[in-house]
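These notes are about the structure you will find just below.
The values are calculated or read from the model by the stated rules, or taken from the named source; none is laboratory data. Here the structure is a predicted model, which means the values were calculated and not measured. Glycine gets a Cβ as well: all are built from the backbone with ideal geometry, and neighbour counts include every protein chain shown. SASA here: full protein model, heavy atoms, side chains in, ligands and nucleic acids out. Shrake-Rupley method; radii C 1.70, N 1.55, O 1.52, S 1.80 Å.
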Amino acid sequence: HSPTYDRIVRWLTDVIQAAGSRPDMGLALGPAFLAAGLPTPHLRLEARVEGGPDAAIYRYITESLHSMLPLAERFGIVRLTPQEVDDLEQHLRAEVMATGGVLVSPLVVGAWCRAP
C-alpha cells in the first residue's frame, strides 16, 4: 500500500472525471463498439505491476500527473510545480522501497476490430 500512489491516482481520476470523461471507459469499450455499429472488438487489458529501486512505474505515474497538471489546476484538483511532481516520484520510490511493496498501475484497455 502506498498513500502517495493512492493520492496521485485519485488526482488523475478526478481530472479525467472533471474533464467529462470516464476513468472506466476502457471497460466499456465492448458495448461502445457495438453501439457504434462495429463488430465485437478484441479487448486487451494491461497494467504494470512492479516495485524495487528501478521500477518504471514511479516515472510512469508521475509523468501522467505532469501531463495533466494544467487541467488539474484549472479544475482546482491540485496545484503542484513540476519540481514538486518530480519530488513525488522520489517520495513514492522511497515509500514503496521501505515496505518492499509493488504497485499496480491503472488499468489500460485496448480494443480493436475489423470494420465490415
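Over the stretch 28-95, what number does the Rg to Rh ratio reach, with both radii from the alpha-carbon atoms and Rh per Kirkwood?
In the stretch 28-95, Rg relative to Rh is 1.17.
How many angstrom lie between the C-alpha centres of the stretch 41-87 and the stretch 1-27?
10 Å
Quick check for you: with a 1.4 Å probe and neighbouring chains kept, what is the accessible area per residue of the chain, in Å²?
Here the per-residue accessible area is 61 Å².
Amide H to amide H under 5 Å from LEU103: which residues, 5+ apart in sequence or cross-chain, H placed 1.01 Å off N in plane?
Residues meeting the amide H criterion: GLU50, GLY51.
Whose amide H sits under 5 Å from the amide H of VAL78, counting only residues 5 or more places off or on another chain, with H placed in the peptide plane?
The list, which skips near neighbours in sequence, is GLU73.
About the Cα centre, and with charges only on the beta carbon of Lys, Arg (+1) and Asp, Glu (-1), how big is the dipole of the chain? Nearest 20 debye, please.
Computed about the Cα centre, the dipole is about 480 debye.
Karplus couplings for the stretch 74-82 from phi (6.51 cos²θ - 1.76 cosθ + 1.60, θ = phi - 60°), rounded to Hz, Gly and Pro as x?
4, 8, x, 7, 7, 10, 9, 7, x
Leaving out ligands, DNA and RNA, what percent of the accessible area of the chain is carbon and sulfur, probe 1.4 Å?
Whole-percent figure for carbon plus sulfur exposure: 57.
Along the positive direction of the dipole of the chain (beta-carbon charges: Lys, Arg +1; Asp, Glu -1; about the Cα centre), which of ALA55, THR99, GLY37 reaches farthest?
GLY37
Using +1 at the C-beta of Lys and Arg and -1 at the C-beta of Asp and Glu, which of SER21, LEU80, THR4 has the Cα lying farthest in the positive direction of the dipole of the chain?
Highest projection toward the positive end goes to SER21.
So for the chain, averaging the separation of alpha carbon pairs under 8 Å that are six or more residues apart and normalising by length, what relative contact order in percent results?
It comes to 44 percent, rounded to a whole number.
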